[in-house]
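Presented below is the structure to which this report refers.
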Amino acid sequence: MKLDRKHVAFGRHGTFALRYGWLTKGFSALQRKSSIFKDDDATVELGVGKNMVASICFWLRACKIIDRNNEATSVGKMLFDKDGYDPFLEDEATVWLLHWLLVNNATEATAIYWFFNKFHKPVFTTEELTTSLSDFVRDARFEGKKPSESTIKNDVSLLTRMYSLSKPVGRAPLEDSLDSPMASLGLLIRATDNKNFLAKAESRDSLPPLILGYAILSLMKYREIKSIPLDDLMYARDDFTAVGAVFRLSENALIKKIEDLVKLSPGVFEIRDTAGIYQLYLLQETAPEEMLHKHYSPNLTKIKLGVVA
């Protein structure tokens, strides 16, 4: 939820972007065999190369599906257990949720945290993105060894590949051209000139209010607060994440979704004008997971049947 300058990481993905099926495959294998990512037969069990085994493990940790001890987290179990809510990512809400979990894991994926919370240009080139990330790394007071320029370039390349829809190039293998689930969110768009990228604040109609509610409750729990100014939900400050920035929401869209969230959660949230500052208040103690239960439970049958888009 907040950047810890003592614990940052770059380049741990091994240049492999998160792919469809990897979280499901890795989580299931880990449930069958807790040592799978350390075993010599992992490549056979997972059906991928050695470097990809390490990358699958990284993405499970980065998305907070497993912890550093390779044990399933509560949200990991909720989503990916045998009877989990959406182990095959058939509900787009799950991808939004995974995006939130990933961006809030600055310890494992610092560059992705930085892009969605610190980088605000709506139109940019790969070169501009690389320069900005290099400047951030140079100016930040990180402890320990800083990443090399090649590592920074790899992180930028991965970020743009993972969050934007790809274009077929030559006779590349089919697997290499498959987009990451994150690309479906439309948070990063390749311009028609194929040189620029667009990352503009928009309405994000496919982002469910209850997933936003999970994000807000997680942030408030982490910060140990019962109220928060809407401005702090919109803009990242003091190295904390902000839902508006993470989901690339416009100010009007964020307010509209919070209003919808209040209606969907009677007695939980309330918007108040306090001395001219609009704030969101938490009226009763509510676990972030309750938002997920409320979202998925009505749709569970549809998800299991593959009906939910």
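A few points about this structure:
- Candidates Asp139, Asp135, Asp193, Asp155, filtered to the one that is surrounded by fewer than 10 Cβ atoms within 10 Å (Cβ to Cβ) and at pLDDT 90 or above: Asp139
- Some residue of segment 24-41 being open to solvent by 30 Å² or more (accessible area, probe 1.4 Å) and at positive phi: no
- In segment 258-294, the residue that is farthest from Lys121 (Cα to Cα) out of those that are among the basic types (Lys, Arg) and out of contact with any Phe, Trp or Tyr (no Cβ under 9 Å at 6 or more places or on another chain) is Lys294.
- The condition of being under 19 Å from Asp91 (Cβ atoms), surrounded by 14 or more Cβ atoms within 10 Å (Cβ to Cβ) and of a type in the set (Asp, Glu) holds for only one of Asp232, Asp260, Asp239, Asp205, that being Asp260.
- Here segment 158-190 is the region considered, the condition is being at pLDDT below 85 and not in a loop (DSSP other than H, G, I, E, B), and the residue that is most open to solvent (accessible area, probe 1.4 Å) is Leu174.
- Considering residues of segment 263-290 that are out of contact with any strand residue (DSSP E or B) (no Cβ under 8 Å at 6 or more places or on another chain) and of a type in the set (A, V, I, L, M) only, the residue most open to solvent (accessible area, probe 1.4 Å): Ala275
- Candidates in segment 107-132 are the residues that are among the aliphatic types (A, V, I, L, M) and touching a residue at least 60 places away in the same chain (Cβ under 8 Å); of these, the one that is most open to solvent (accessible area, probe 1.4 Å) is Val123.
- The residue that is farthest from Asp155 (Cα to Cα), counting only those in segment 1-59 that are modelled with pLDDT of 90 or more, hydrophobic (A, V, I, L, M, F, W, C) and outside any helix (DSSP H, G or I), is Val48.
- Sole exception among (1) out of contact with any Lys or Arg (no Cβ under 8 Å at 6 or more places or on another chain); (2) modelled with pLDDT of 95 or more; (3) more than 14 Å from Leu97 (Cα to Cα); (4) in a helix (DSSP H, G or I) for Ile211, by number: (3)
The values are calculated or read from the model by the stated rules, or taken from the named source; none is laboratory data. Because the structure is predicted, anything quoted here is derived from the model rather than measured. Cβ sites come from the backbone with ideal geometry, for glycine too, and all protein chains shown count toward neighbours. Only protein heavy atoms, including side chains, enter the accessible area calculation; ligands, DNA and RNA are left aside. Shrake-Rupley method; radii C 1.70, N 1.55, O 1.52, S 1.80 Å.
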